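Report on one structure; see the data block that follows.
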Amino acid sequence: MPALTGPALTAALLLAFAGAAKAIDPVMTVGALRALGLPSSRTWVRLGAAAELLVGLLAAAVGWAWVWWLVAASYLAFAAFVVAALRAGTMVGSCGCFGREDTPPHPIHVVVDVALAATAAAAAQDLSSFQAAAERMATALKSGDVDTISQMYAEDARILPPGRDIIQGREAIKAFWTEDIKGMSDMALTTVDVKGLGDSDVREIGQFSGKTTGDNPQDFTGKYITIWHKAGDSWQITDDIWNLNK
């Protein structure tokens, strides 16, 4: 996913590691919570740690936008906890952030937690904007909105339609879709897999279905691979290939 840049992946895996450590040995976290007068049951600490582990692993493995928002919220909660401990001057053996004795509360923890929260929030925003772009493309194909379809492609984009030569350039792609869309109806796209290619490119694999138009409409299905590039705040298609299932 686009979120899986080095810093974002680090944030997710660090959260998972912290959760696993606290689930195995909750003693230091229990002590830190008790020192601040917060609920400190081992059971609740282990449940919270399991949630951290799950959220971290889901963010790294699946990368849904809402999961990345949870990663960001987790780090903000850690930061708030450390700030509370520092302000109270509470002598606790550990802030519990890493499930270890050698991590007493320190202002640097606040800085690190806020930075990791910002990284996760950026990843969530990135994913949300990509998903919105993919949905706009699917909606435009379903409604036959050629203007919107063409605007989803970069100026120098390439498409590789089945049985046709490579078509390059937004205007040439618009001309293609203007004619091709007339023979289709009820188009539906389903994303199957999304993988980040560096910091600003994404490979999307999916399936599509629809019907031909005319006196004897026929159902059809197929699959596609689309490469998206993030330019500024928007996502555009740079390469698009698809074919029909037999």
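The values are calculated or read from the model by the stated rules, or taken from the named source; none is laboratory data. Just so it is clear, the model here is predicted, and its values are computed rather than measured. Cβ: placed from backbone, ideal geometry, glycine included. Neighbour counts: every protein chain shown.
Couple of notes before you dig in:
- Any hit, the stretch 176-187, residues being in contact (Cβ under 8 Å) with a residue 60 or more places away in the chain and either loosely packed, with under 13 Cβ neighbours inside 10 Å or over 18 Å from K142 (Cα atoms) (or both): no
- Matching residues in the stretch 106-153 - criterion: being under 30 Å from K211 (Cα atoms), buried (at least 20 other Cβ atoms within 10 Å of the Cβ) and touching a Lys or Arg at 6+ places or on another chain (Cβ under 9 Å): F130, V146, I149, M152, Y153
For (1) exposed (fewer than 12 other Cβ atoms within 10 Å of the Cβ); (2) modelled with pLDDT under 95; (3) in a loop (DSSP other than H, G, I, E, B), each residue gets a yes or a no:
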position: V194; (1), (2), (3): no, yes, no
position: G198; (1), (2), (3): yes, yes, yes
position: V202; (1), (2), (3): no, yes, no
position: G214; (1), (2), (3): yes, yes, yes
position: G222; (1), (2), (3): no, no, no
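- Matching entry among D180, D186, D165 (being in contact with a Lys or Arg (Cβ under 6 Å, 6 or more places away or on another chain) and within 20 Å of K223 (Cα to Cα)): D186
- Any chance G206 is in the same structural domain as I159 (by TED's automatic domain parsing), part of a strand (DSSP E or B) and in contact with a Leu (Cβ under 6 Å, 6 or more places away or on another chain): yes
- Of the residues V62, V67, the single one that is under 23 Å from A124 (Cα atoms), of a type outside the set (D, E) and at pLDDT below 85 is V62.
- Among the residues of the stretch 154-187, those that are assigned to a strand (DSSP E or B) and at pLDDT 95 or above comprise A154, E155, D156, A157, R158, I159, L160, I167, Q168.
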